[in-house]
1. Starting from one equal scatterer on each C-alpha and no solvent at all, send me the Debye-based log10 I(q)/I(0) for the range 1-56 at q = 0.12, 0.17, 0.22, 0.28 Å⁻¹, two decimals.
2. Suppose the chain between Ile33 and Val2 were pulled fully straight at 0.36 nm per residue; how much longer would it get relative to their current alpha carbon spacing?
3. Taking the Cα atoms of the chain alone, what are Rg (to one decimal) and Dmax (as a whole number) in Å?
4. What FRET efficiency comes out for the pair Tyr96/Val9, r = Cβ-Cβ distance, R0 = 25 Å, nearest 0.05?
5. Residue-wise, which Karplus ³J(HN,Hα) couplings in Hz belong to the range 4-16, taking 6.51 cos²θ - 1.76 cosθ + 1.60, θ = phi - 60°, and x for glycine or proline?
6. When the Karplus curve 6.51 cos²θ - 1.76 cosθ + 1.60 is applied with θ = phi - 60°, which whole-Hz ³J(HN,Hα) does each residue of the range 43-54 get, with x for Gly and Pro?
7. So which trypsin sites (Lys or Arg not before Pro) in the range 21-97 are both in a DSSP loop and have at most 11 other Cβ atoms within 10 Å of their Cβ?
8. Once label points are set 7 Å from the Cα along Cα→Cβ at both Leu83 and Val40, what is their separation, rounded to one decimal in nm?
Amino acid sequence: MVKRKIVAVTPLVATLAFLMLGFIWDAWHPGWIVFLSIPVVGTIEKLTRKNLKAKIVSLTFLFCLIAFFVIGFVWDAWHPGWLVFFMIPIVSTLLYA
């Protein structure tokens, strides 16, 4: 119950943190990274459940996020790199179909 409330309040906290970073330190561009906390907190909450399928889908998200940043920073291929996120619905469909 408490875990789900934390997940529910994460978007508000991320928005407030983004606005504070922007208005106080004029860090709008790197500040958008705080919005990644929203799916990461949801993923961590799902990893604490006993459902194996939910854990696999959550780990797929983390894998895709890490792969996206590696593709972007190492090969500077940000535009085609976003295609790795298609793995999330593919894995979810394969597990729940």
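1. Log10 I(q)/I(0), no solvent term: -0.35, -0.59, -0.79, -1.02.
2. Result for the pair: 8.7 nm of gain on full extension.
3. 15.5, 48
4. Here the calculated transfer efficiency is 0.35.
5. Going residue by residue, I get 5, 5, 5, 4, 5, 8, 4, x, 5, 5, 5, 5, 4 Hz, with x marking Gly and Pro.
6. Residue by residue, the range 43-54 yields 5, 4, 5, 5, 5, 7, 7, 8, 6, 5, 5, 5 Hz.
7. Passing sites in the range 21-97 are Lys50.
8. Computed distance between label sites Leu83 and Val40 equals 2.7 nm.
Throughout, read-outs are computed from the coordinates displayed, never taken from laboratory work. Computed from a prediction, not measured in an experiment: that's the story for all the values here. So basically every Cβ, Gly included, is an ideal-geometry build from the backbone, and we count neighbours across all protein chains shown.
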